[in-house]
2 protein chains.
Amino acid sequence: MTYAMIGTWRMAYEGLCKGIDLLSEGGNSADAVELAIKEVENHPFFKSVGYGGLPNENGLVEMDAGFMNGNTFEVGAVMGISDIKNPISVARELSHQHYNSVLVGTGATQWATINGFEHQNMLTERAHKIWEKRKKEIEEKNLSPYDGHDTVGMVGLDNNGSFSVGTSTSGLFMKRPGRTGDTALVGDGFYADSDIGGAAATGLGEDIMKGCLCYEIVRLMGTGVSPQDACDKAVYAFTDKLKKRYRKIGEFSLVALNTKGEWGVATNVEFTFAVGTEKNKPAIFIANPTSDKKTNIEPITQKWLDEYAKRIKAPLDD
Amino acid sequence: MTYAMIGTWRMAYEGLCKGIDLLSEGGNSADAVELAIKEVENHPFFKSVGYGGLPNENGLVEMDAGFMNGNTFEVGAVMGISDIKNPISVARELSHQHYNSVLVGTGATQWATINGFEHQNMLTERAHKIWEKRKKEIEEKNLSPYDGHDTVGMVGLDNNGSFSVGTSTSGLFMKRPGRTGDTALVGDGFYADSDIGGAAATGLGEDIMKGCLCYEIVRLMGTGVSPQDACDKAVYAFTDKLKKRYRKIGEFSLVALNTKGEWGVATNVEFTFAVGTEKNKPAIFIANPTSDKKTNIEPITQKWLDEYAKRIKAPLDD
């Protein structure tokens, strides 16, 4: 038995460190995944998840989250929830119900309220300013409003061999009210089976969901394929198929972990992620697709990290 | 090239006949699937889809629908939409958008309104009476409120080799506001790839989604397995796995169609469905699981049909 955790984007790092600490002390993967994602949700400068997330076209922060227990296949999810501090905790709590385990819109927010989940106005002053600026740009320059769709996804394995996976996002910046992506759709945005492993996705949900990529990666790992080969095989085959069939393709990235604590990543865009195992302490890496349908992975540089820290807190032009 | 269509439950029949007529005249599968599902949505006596569907615990009819084009992989879906006559048409229209193609809650209803879709109070007097009666029973007899979760799913193949799949439901009777199931989740409740075929699901969505069954059935057909074997293999393997892992299991049924117009069905409960092909005119069948993990399929009897017709229109006890 071993423990490990992998999470999408640089923003996963601090939460993942806490999750790994918990796992190293014998904590279970569900607690570790929830703890790690809450850390990301609570951080005001991560602009695509939880507090500080960028709002929809009306200025409201609407969030999606999903959770799956790889032992029991329990699934819980919320879509279009608002004003709730930690959507991942709502998704996890819902996963314990046989009926009504996936809730959308005001029904999701009301259920969370009735069940005592903490309320918060999720729109920070910074996110509000970015939204106002973008509205102006869209009017003046006729820009496409849509970018920024970085979900935090965490896959955790604990020393008892149990997998959990969780996801959380405020979704596409300037999305239409009620828009949801792959984040809360099981098989599309997340999947786990403790006999095999788990996977999570980030990127343009409208395209990820067309390929059921998380289910497919877990399935491939179940045939004996390594997490890296499973990610490469599923993601690049689907990228080719989508280009041919749909003639356009959004950006997306996938992470996976198996029962040995081995991990893998595939992406069609520059992608950072964090991973920690029993043997290797948490670290941030950067991945890029190669021309031969593999993934090039390198440790992140201090320069990249410094620029990132500067960028997410940079003063906004008025 | 050939054409064919398969749909879940006895309720699919009249719509499927219209869809098959359209396909026989050279119509495309997207039009045929939408036409067929609208017929079911419009029928006031089908109590789990569209007009006449049973409401949530608050008495409101909240609906889910999904649509996928097997050529382009375009996907559109709505969850928790209300007051809209034909959710399937909204899902299909949304599938043409690269962004914001899946909408939930009031955002879905508002988008449909802004885009000119017809409004209707979906709660019939009959459904209202059933809801009031059930509320009383729950209070007095402490009954589990949940049953009735029959999604209409249609898979269509046209003479140009194009697949479409659509689904529509009012969901679990007495569900919590905002509850959604597998119906609008691509890969879980529906999937289509025109190189292979398509599949659709009905039953307890909370459990169907745990297995990504529609994606899995299409994937299996893509390896050369017949639709019937693909359904048997995916559904009964997953049923066993869920019993072992989750220790309980809802009722569900799947239908599938391949590029030759061959079809298959698997179910863990008595299940009726309708199917029509170029060679065989539309007919209703009844399926049951066998002890050796296969599916027994027989033509429906006139007696069954007569009892069904009587049942859905039976006077309600006051």
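A few remarks follow.
- Residue within the stretch B:227-243 that is loosely packed, with under 14 Cβ neighbours inside 10 Å, at pLDDT 95 or above and away from every other protein chain (no Cβ under 14 Å) present: no
- Scanning the stretch B:136-166 for residues that are modelled with pLDDT of 85 or more and part of a loop (DSSP other than H, G, I, E, B) returns B:ASP150, B:THR151, B:ASP158, B:ASN159, B:ASN160, B:GLY161, B:SER162.
- Qualifying residue in the stretch A:193-206 (condition: at the interface with chain B (Cβ under 9 Å from one of its Cβ atoms), modelled with pLDDT of 95 or more and in a helix (DSSP H, G or I)): yes
- Among the residues of the stretch B:47-74, just one is crowded, with 24+ Cβ neighbours inside 10 Å and aromatic (Phe, Trp, Tyr), namely B:PHE67.
- Hits in the stretch A:58-74 (condition: touching a Lys or Arg at 6+ places or on another chain (Cβ under 6 Å) and either in contact (Cβ under 8 Å) with a residue 12 or more places away in the chain or farther than 20 Å from A:TYR191 by Cβ (or both)): A:PHE67, A:PHE73
- Any hit, the stretch B:177-199, residues being out of contact with any helix residue (DSSP H, G or I) (no Cβ under 9 Å at 6 or more places or on another chain) and either touching a residue at least 24 places away in the same chain (Cβ under 8 Å) or more than 19 Å from A:GLY189 (Cα to Cα) (or both): no
- Within the stretch B:123-164, the set of residues being within 13 Å of chain A (Cβ to nearest Cβ) and surrounded by 24 or more Cβ atoms within 10 Å (Cβ to Cβ) comprises B:HIS149, B:PHE163.
- Criterion (exposed (fewer than 12 other Cβ atoms within 10 Å of the Cβ) and either within 19 Å of the chain's Cα centre (by Cα) or closer than 19 Å to B:GLY197 by Cα (or both)) met by exactly one of B:LYS279, B:LYS248, B:LYS260: B:LYS279
- Residues that are surrounded by 19 or more Cβ atoms within 10 Å (Cβ to Cβ), of a type in the set (Val, Ile, Thr) and within 30 Å of B:LYS279 (Cβ to Cβ) do not occur anywhere in the stretch B:90-97.
- Meets criteria (more than 14 Å from chain A (Cβ to nearest Cβ), surrounded by fewer than 18 Cβ atoms within 10 Å (Cβ to Cβ), part of a loop (DSSP other than H, G, I, E, B) and not hydroxyl-bearing (Ser, Thr, Tyr)) for B:GLY116: yes
- A:CYS214 vs. criteria closer than 29 Å to A:LEU22 by Cβ, buried (at least 23 other Cβ atoms within 10 Å of the Cβ) and within 11 Å of another protein chain (Cβ to nearest Cβ): yes
The values are calculated or read from the model by the stated rules, or taken from the named source; none is laboratory data. Nothing here was measured: the structure is a model prediction, and the numbers come from that model. Methodologically, a virtual Cβ is constructed for each residue, glycine included, from the backbone with ideal geometry; neighbour enumeration extends over all protein chains shown.
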